[in-house]
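A quick write-up on the structure given underneath.
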Amino acid sequence: MRVWKKHVREVELDNVYVWQWPVRVTHWLNAIAIWVLSVTGVYIGYPMLIASGAASDNFLMGWARAIHFYTAIVFTLSVLSRIAWMFMGNWYSRWHRLVPASKARWRAMRRTFRYYMFGMRMPPGFVGHNPLAGLTYAFVFLAYLAMIVTGLTMYGTSAHVDSPLRIFAGLAPFLGGLQTARWIHHGVMWGIWAFFVHHVYSAILMSQVEATGTVESIFSGHKFVPREDIIKPGYRFEHPEA
Amino acid sequence: MEERQSWLNEELERRGVTRREFAGFCGVMATVLALPKAAGARIAEAIQTREKPTLVWLEFQDCAGNTESFLRSGRPTVADIVLDTLSVDYHETIMAAAGHQAEEALAGVVRDKPGGYIAVVEGSIPTGANGAYCTIGGRSALDIAREVCEGAAATIAIGTCAAFGGLPAAAPNPTGALSVADAVPRAKNLINLPACPANAENLVGVIVYYLTFNRFPPTDRYRRPLFAYGKSIHDNCERRAHYDAGQYVEAWGDEGHRTGYCLYKMGCKGPVTFQNCPNVGWNSGTNWPIGCGHPCIGCAEPDFWDTMTPFYSHMAGFPGFGVHSSIDRVGLWATAGVAAAFATHGFVQLGKRYMHARAENNDSEPEEPAAPATSSGKGADE
Ligand code: HEM
Ligand code: HEM
Ligand code: SF4
Ligand code: SF4
């Protein structure tokens with residue numbers, strides 16, 4: 001008796017090029033950058049390693065900050081590129097796949113939610129992001145922007161006098177002061193990690209139950225989907241018995 | 001003008017300050033104000049020849065700490081003499097007159113010199129209970145502040161209470177205390193000199209700048225003069241090398257504390273606080289808080305009682321989780337909670353599938369059709 005029974009389909013599966021390379025490249029750049037930024041950031045917040053010897057022989061915090069700042073540049077450019085791609089890329093990468101802008105998306109989101117709450121045995125099928133995942137990603141992008149804005153504010157206030165980044169220092173009062181900006185920077189980091197845990201779980205779960213090659217798709221860009229999902233997304237597997 | 005110059009010379013002599021020291025002071029002022037060294041001569045001339053500006057000093061909800069700072073009783077310095085060149089026509093704490101006589105002096109300045117005096121305000125201005133929390137001679141602080149500051153050539157809000165509301169305005173702000181900027185939006189040329197208390201050197205700096213250039217120094221977004229608040233404590237701190245190296249005090253009096261390591265882990269707010277304490281020092285430059293082993297508490301920043309507390313930890317706790325909570329501990333638990341929730345989801349999912357598979361087996365249906373056209377998701381290529 002196989003619990004994770006593979007889906008058996010009578011239908012032909014269509015190979016769809018879903019995630020163009022900018023989507024995949026920015027996804028992995030962000031994922032790697034978030035690791036590096038979190039490790040260096042937590043050290044900046046809690047320097048648990050104490051250097052011994054003369055101050056001039058050590059540069060631990062200096063390195064942590066330098067790595068944090070250089071990685072922050074990569075992260076910021078990658079996030080901005082992905083946001084630009086939301087207006088340039090293919091259908092599946094556009095902003096309306098993240099922000100549910102149509103009634104149909106909202107209705108379909110309710111069905112996906114029902115699936116997650118065990119109201120349906122199989123998830124409604126979508127080619128790109130399902131509407132619930134899309135909305136989650138919209139919040140993730142907001143979290144990215146919150147990290148960038150609070151980070152640039154902290155950086156801007158102590159940047160070199162000639163640095164153009166100094167203009168970001170002007171945001172400090174709107175964030176409730178620098179110490180509060182720092183607090184937000186920490187809090188949102190944990191928000192991203194909480195998302196990460198859910199994200200990897202859901203990606204693997206969806207890969208199993210949708211059986212369209214979800215996890216593989218973020219590497220290769222391709223999914224293998226039944227034609228009915230392309231014609232009428234969001235209804236596959238909606239059995240009355242569920 | 002001759003007369004006045006000789007007055008200054010006499011005063012310098014009387015206090016035992018040489019001409020050289022005076023010239024030296026003017027040079028130092030030029031540096032403090034971030035002006036070219038040559039500006040020293042111009043400053044010297046201005047201090048000696050400008051007419052005495054009239055100054056009135058208002059105290060509202062305060063502890064008189066800035067007055068103490070202003071009067072600080074070190075050796076008499078040239079700075080004191082510069083402050084003495086002001087004609088302080090009203091200052092409750094230090095003036096000889098009292099009662100209605102004193103109030104008459106203030107009314108006289110406002111009446112006779114409209115736009116011709118500098119108002120210094122110390123303390124926040126309460127607006128709750130119709131201003132009843134602070135009244136002087138039967139008038140509310142708000143009333144007095146509006147009248148005096150709106151008629152002044154410039155207003156200097158000295159100390160964090162006047163500049164940002166300070167302690168009285170800290171949550172829950174029982175008296176409805178406001179900063180001068182908020183209470184008197186029509187005050188002209190408002191300069192904030194926050195800190196708890198403000199450093200007298202910076203007050204001298206502002207006044208010297210005004211005497212020299214007849215205008216006020218450039219300010220930042222919180223109306224603080226850039227010469228004094230343009231750089232963070234952290235960027236000028238003498239312990240900065242230890243910060244960059246990764247050498248921190250971890251407990252009061254530990255090896256690192258005795259060696260003079262960085263106070264970051266003891267809650268130092270130097271990285272988010274802007275003032276020139278490391279450069280000018282306190283008590284006539286004797287020392288300053290971090291210099292003697294105490295972390296910066298961020299006293300020159302808006303709402304520091306609310307945002308910089310707890311003073312001895314790096315970051316505030318999470319609301320509702322107690323003062324000793326930390327955002328990172330709460331964040332870590334939240335992440336663990338999400339992991340637990342999804343793990344539960346996973347188990348429920350597995351359980352349901354197991355039940356389903358068993359039901360299917362009981363119906364003794366074949367588990368898989370004999371020859372599927374295409375099998376799993378990884379099946380077809382096109
Ligand atoms: C998801 C991405 C990021 C994560 C998880 C992250 C995490 C952190 C953490 C935990 C800290 C320690 C804060 C403290 O206790 O003072 C920090 C500091 C900082 N981060 Fe980030 N960060 C991220 C992105 C960025 C970005 C995009 C910037 C943009 C410039 C940035 C700039 C800074 C700055 C300036 C500091 C303060 C460093 C200091 O105090 O010297 N961060 N970061
Ligand atoms: C910190 C780490 C990660 C973050 C912040 C993150 C974030 C995101 C975001 C924002 C998207 C939407 C992509 C877009 O539209 O541009 C996405 C998609 C995706 N991610 Fe991640 N990701 C992370 C790590 C991973 C890992 C480790 C995996 C592998 C299991 C993974 C698998 C996927 C897949 C399969 C998709 C496509 C989902 C779909 O079809 O809707 N991600 N991720
Ligand atoms: S003691 Fe404070 S201001 Fe000085 S280097 Fe350390 S953190 Fe920065
Ligand atoms: S070191 Fe910090 S807390 Fe101390 S006086 Fe200076 S700004 Fe205020």
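The values are calculated or read from the model by the stated rules, or taken from the named source; none is laboratory data. All figures in this text were calculated on a predicted structure; none of them were measured in a lab. Reconstructed Cβ throughout: ideal geometry from the backbone, glycine too, with neighbour counts over all protein chains shown. SASA here: full protein model, heavy atoms, side chains in, ligands and nucleic acids out. Shrake-Rupley method; radii C 1.70, N 1.55, O 1.52, S 1.80 Å.
Under the condition of being open to solvent by less than 20 Å² (accessible area, probe 1.4 Å) and at negative phi, which residue from segment B:250-265 is farthest from the other protein chains (Cβ to nearest Cβ)? Steps first, answer last, please.
Taking segment B:250-265 as the starting set, the residues that turn out to be open to solvent by less than 20 Å² (accessible area, probe 1.4 Å) are B:256, B:260, B:262-264.
After this cut, where a residue has to be at negative phi as well, the list is B:256, B:262-264.
On the way: B:Gly256: 7, B:Cys262: 8, B:Leu263: 12, B:Tyr264: 7 Å.
Only one residue fits best here, namely B:Leu263.
Residue by residue through segment B:103-124, note down the ones that are under 25 Å from the mean Cα position of the chain (by Cα) and assigned to a loop (DSSP other than H, G, I, E, B).
Across segment B:103-124, the qualifying residue is only B:Gly123.
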Given (1) touching a Ser or Thr at 6+ places or on another chain (Cβ under 7 Å); (2) within 16 Å of ligand 3 (Cβ to nearest atom), A:Tyr155 misses just (1)
Quick check, is A:Gly191 more than 30 Å from A:Tyr17 (Cα to Cα) and either within 15 Å of the chain's Cα centre (by Cα) or not in a helix (DSSP H, G or I) (or both)? yes
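In segment A:140-162, which residue that is without any contact (Cβ under 8 Å) to a residue 12 or more places away in the chain and away from chain B (no Cβ under 13 Å) is nearest to A:Ile83 (Cα to Cα)?
Checked segment A:140-162; the qualifying residue nearest to A:Ile83 (Cα to Cα) is A:Leu142.
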Checked segment A:148-176 for anything within 19 Å of A:Ile44 (Cα to Cα) and modelled with pLDDT of 90 or more; matches are A:Ile148, A:Val149, A:Thr150, A:Gly151, A:Leu152, A:Thr153, A:Met154, A:Tyr155, A:Gly156
(1) open to solvent by 60 Å² or more (accessible area, probe 1.4 Å); (2) away from ligand 1 (no atom under 16 Å from the Cβ); (3) under 30 Å from B:Gly346 (Cβ atoms) all hold for A:Ile32 apart from (2)
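Does A:Phe87 satisfy the criteria of being open to solvent by 40 Å² or more (accessible area, probe 1.4 Å) and either within 16 Å of ligand 1 (Cβ to nearest atom) or part of a loop (DSSP other than H, G, I, E, B) (or both)?
On the way: open to solvent by 40 Å² or more (accessible area, probe 1.4 Å): yes; either within 16 Å of ligand 1 (Cβ to nearest atom) or part of a loop (DSSP other than H, G, I, E, B) (or both): yes.
Yes; evaluated as a whole, the condition is true for this residue.
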Out of (1) in contact (Cβ under 8 Å) with a residue 24 or more places away in the chain; (2) out of contact with any strand residue (DSSP E or B) (no Cβ under 8 Å at 6 or more places or on another chain), the one B:Ala245 does not meet is (1)
Note on segment B:334-365: residues open to solvent by 50 Å² or more (accessible area, probe 1.4 Å), within 7 Å of chain A (Cβ to nearest Cβ) and farther than 13 Å from A:Arg121 by Cα are B:Ala334, B:Arg358, B:Asn361
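Taking the stated definitions as given, is A:Tyr115 more than 22 Å from B:Pro319 (Cβ to Cβ) and either modelled with pLDDT of 95 or more or open to solvent by 20 Å² or more (accessible area, probe 1.4 Å) (or both)?
Details: more than 22 Å from B:Pro319 (Cβ to Cβ): yes; either modelled with pLDDT of 95 or more or open to solvent by 20 Å² or more (accessible area, probe 1.4 Å) (or both): no.
Considered against the rule, which asks whether it is more than 22 Å from B:Pro319 (Cβ to Cβ) and either modelled with pLDDT of 95 or more or open to solvent by 20 Å² or more (accessible area, probe 1.4 Å) (or both), A:Tyr115 comes out as no.
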Of the residues that make up segment A:212-231, is at least one within 9 Å of chain B (Cβ to nearest Cβ), polar (S, T, N, Q), surrounded by fewer than 20 Cβ atoms within 10 Å (Cβ to Cβ) and in a helix (DSSP H, G or I)?
no
Boolean, A:Ala66 is touching a Phe, Trp or Tyr at 6+ places or on another chain (Cβ under 9 Å) and surrounded by 14 or more Cβ atoms within 10 Å (Cβ to Cβ): no
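Any idea which residue in segment B:19-44 is modelled with the lowest pLDDT, counting only those that are β-branched (Val, Ile, Thr) and open to solvent by less than 70 Å² (accessible area, probe 1.4 Å)?
Looking only at segment B:19-44, we keep the residues that are β-branched (Val, Ile, Thr), and these are B:28, B:31-32, B:43.
Of the ones still in play, those that are also open to solvent by less than 70 Å² (accessible area, probe 1.4 Å) are B:32, B:43.
On the way: B:Val32: 78, B:Ile43: 85.
The selected residue is B:Val32.
Hey, among B:Ile81, B:Ile47, B:Ile94, which residue is under 29 Å from the mean Cα position of the chain (by Cα), modelled with pLDDT under 80, assigned to a helix (DSSP H, G or I) and surrounded by fewer than 20 Cβ atoms within 10 Å (Cβ to Cβ)? Before you say what the answer is, go through the steps one by one.
Values: B:Ile47 fails: surrounded by fewer than 20 Cβ atoms within 10 Å (Cβ to Cβ); B:Ile94 fails: assigned to a helix (DSSP H, G or I).
Matching residue, one of B:Ile81, B:Ile47, B:Ile94: B:Ile81.
Do any helices (runs of 4 or more DSSP H) lying entirely in segment B:165-263 carry at least 1 residues that are under 17 Å from the mean Cα position of the chain (by Cα) and closer than 28 Å to A:Leu175 by Cβ, and which ones are they?
B:166-169, B:180-183, B:200-213, B:226-229, B:233-236
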Scanning segment A:181-200 for residues that are open to solvent by 40 Å² or more (accessible area, probe 1.4 Å), away from ligand 2 (no atom under 16 Å from the Cβ) and at the interface with chain B (Cβ under 8 Å from one of its Cβ atoms) gives A:Trp183
In segment B:235-249, residues that are touching a Lys or Arg at 6+ places or on another chain (Cβ under 7 Å) and at the interface with chain A (Cβ under 7 Å from one of its Cβ atoms) total 1
Quick count over segment B:125-149, residues being open to solvent by 20 Å² or more (accessible area, probe 1.4 Å), in a helix (DSSP H, G or I) and touching an Asp or Glu at 6+ places or on another chain (Cβ under 9 Å), is 0
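Considering B:Pro302, B:Pro319, B:Pro278, which residue is at pLDDT below 95, facing chain A (nearest Cβ under 9 Å) and away from ligand 1 (no atom under 16 Å from the Cβ)? If you could, list the steps in order and put the result at the bottom.
Details: B:Pro319 fails: facing chain A (nearest Cβ under 9 Å); B:Pro278 fails: facing chain A (nearest Cβ under 9 Å).
Selected residue: B:Pro302, the only one of B:Pro302, B:Pro319, B:Pro278 that is at pLDDT below 95, facing chain A (nearest Cβ under 9 Å) and away from ligand 1 (no atom under 16 Å from the Cβ).
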